[in-house]
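For reference, the structure discussed in these notes is given below.
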Amino acid sequence: MVRFLVAAVILLAADVHAVAQEVQEEELRFLILEAFARNPAIEAEVLKMRAAEERIPQAGALDDPSLTFKVEEFPDARGGQAKYYSFDLMQMITFPTKLGTRRDIAAIQAEHAYHEYLEKVLVVIAQLKSAYAMLWGARNNLDLNLRNQKLLEQIVEAAQTLYSVGKVPQQDVLKASIELSKVKNEEASLRQEMIAAEAMLRALLNREESSPIGFIALGSLQTVQHSENDLQRFARHNRPMLVHDSLSVLEADLMLRLNRQEYLPNFTVGIERMTMPGSGMGNWAVSAGISLPFAPWTLNKASARVQEAQARRGVMESMFASTRTMIAARVREAYAAVKAWERRASSYEMDILPKTERSLRLLMTEYQTGVTSYLMLIDGFRIYQEMAMDNIMARVRYEQAVAALEREVGVTDLSVIPKEQ
């Protein structure tokens, strides 16, 4: 059923990509579906998952039978005439419990492939959200730069007007022009950052290099409402990496059982048809055999296999415990980062940036009326520029921190996690 849902999402995503190309607006939810359908890393994991599923029936099947044709001559036969010839059909029959165990191991390995696929999805979607936020930040920084150029042009114009009436020295005009040139020079590097962010997004979506990236928006700041305990509890039971490692312990148990079953014999059965051309007579023969894994000279080998499997099970248990501890630490770290950037982004958006904008507008008015100096105005402009860029960076880092937290918890959207009652 789960595999069917994965296939359905991929088919749906293919249609969404076609629609998105016409709309020219890049909504994150549609980009996620597009990544499901087109990202090469996800596609590779899907193929690996299918290959692992196809190994299940192979593991529970008997070995291929062998068919032998034999011709035998005696030295006194006339003209090289065969004395007799035979057909021999042989089949090895593995002890039934071994086949069942091998099939169970293959089924667990298929589950491994499925959870590796889910883990890859988490990584790719987190990268996609991070690249989306980076592109939003690069475009907003470029827009801010262009707005600042217009604002500096107004400052230059105001300085020239005041200079023409003798209210300010010519040095104010020159300083304002230099500041404008500096901001214009920054435009090229900001455009390069935007191009790099677009290229990263195209790579994750497997789009052509020439394909445009439409308008993107992050919307209003959405704070994380879950507690750390909610996230830790969910991650313990649902993170694909943890489920993968817990299945490794179960696989090690089955491997141990299989190696203990090596003490059980395998069987061979055969049927042979012999024909003697000289006499025209033919007859049938049936043969049967049994392996002897309990022979004194082979017991050490079987015992060593069991001990190896026991040691491997201990390794898997230790790795599972280590992974569980590591993920708990990463969730704690990611949650702390989200809350830190959440406070910072909210502070810039709701308090610092609005006050800085009001202060700059007031300074601009005071400079035009001759109340304040150019140094005060340009200092206010630089503070505004720094705060505006910090505001954009804080929002980008917050969105990236949320994406990292989702990856560590094991979801692509935190809203699906139930809250503690």
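The values are calculated or read from the model by the stated rules, or taken from the named source; none is laboratory data. Keep in mind that this is a model prediction, so the values were computed, not measured. Cβ sites come from the backbone with ideal geometry, for glycine too, and all protein chains shown count toward neighbours. We work out accessible area using only protein heavy atoms, side chains counted, and drop any ligands, DNA or RNA first. Shrake-Rupley method; radii C 1.70, N 1.55, O 1.52, S 1.80 Å.
Values for this structure:
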read-out: Exposure ranking of L67, L204, L292, L28 by accessible area [1.4 Å probe, largest first]; value: L67, L292, L28, L204
read-out: Angle in degrees between helix 299-347 and the longest Cα principal axis of the chain, rounded to the nearest 10; value: 10 degrees
read-out: Tilt relative to the chain, helix 374-409 - C-alpha long axis, 0 to 90 degrees, to 10; value: 20 degrees
read-out: The chain - percent of accessible surface contributed by carbon and sulfur, probe 1.4 Å; value: 57 percent
read-out: For the chain, radius of gyration divided by Kirkwood radius, i.e. Rg to Rh on alpha-carbons; value: 1.28
read-out: Set K184/K355; K129/K182; K98/K120; K339/K419 screened for pairs whose C-alpha atoms are more than 22 Å apart; value: K184/K355; K129/K182; K98/K120
read-out: Within the chain, longest stretch clear of exposed GluC sites (Glu not before Pro) (DSSP loop, no more than 13 other Cβ within 10 Å); value: 210-419
read-out: Residue-normalised accessible area of region 119-199, expressed per residue, 1.4 Å probe, Å²; value: 49 Å²
read-out: Whichever lysines have a C-alpha closer than 20 Å to that of K167, once near sequence neighbours (fewer than 8 apart) are set aside; value: K175
read-out: Dipole-positive endmost among M194, W297, F87 within the chain (Cβ charges, Cα centre); value: W297
read-out: Potential lengthening between L218 and Y163 on full extension [0.36 nm per residue; Cα-Cα distance subtracted]; value: 15.4 nm
read-out: Extension reserve of the L299-R358 stretch, reckoned as 0.36 nm per residue once the Cα distance is removed; value: 12.6 nm
read-out: Separation between Cα centres of region 222-238 and region 103-179, rounded to whole Å; value: 29 Å
read-out: Residue-level accessible surface for F234, protein heavy atoms, 1.4 Å, Å²; value: 40 Å²
read-out: Neighbour-limited loop hits for trypsin sites (Lys or Arg not before Pro), region 167-217 (at most 16 other Cβ within 10 Å; DSSP other than H, G, I, E, B); value: K167
read-out: Between helix 170-205 and the chain: long-axis angle, C-alpha atoms, 0 to 90°, nearest 10; value: 20 degrees
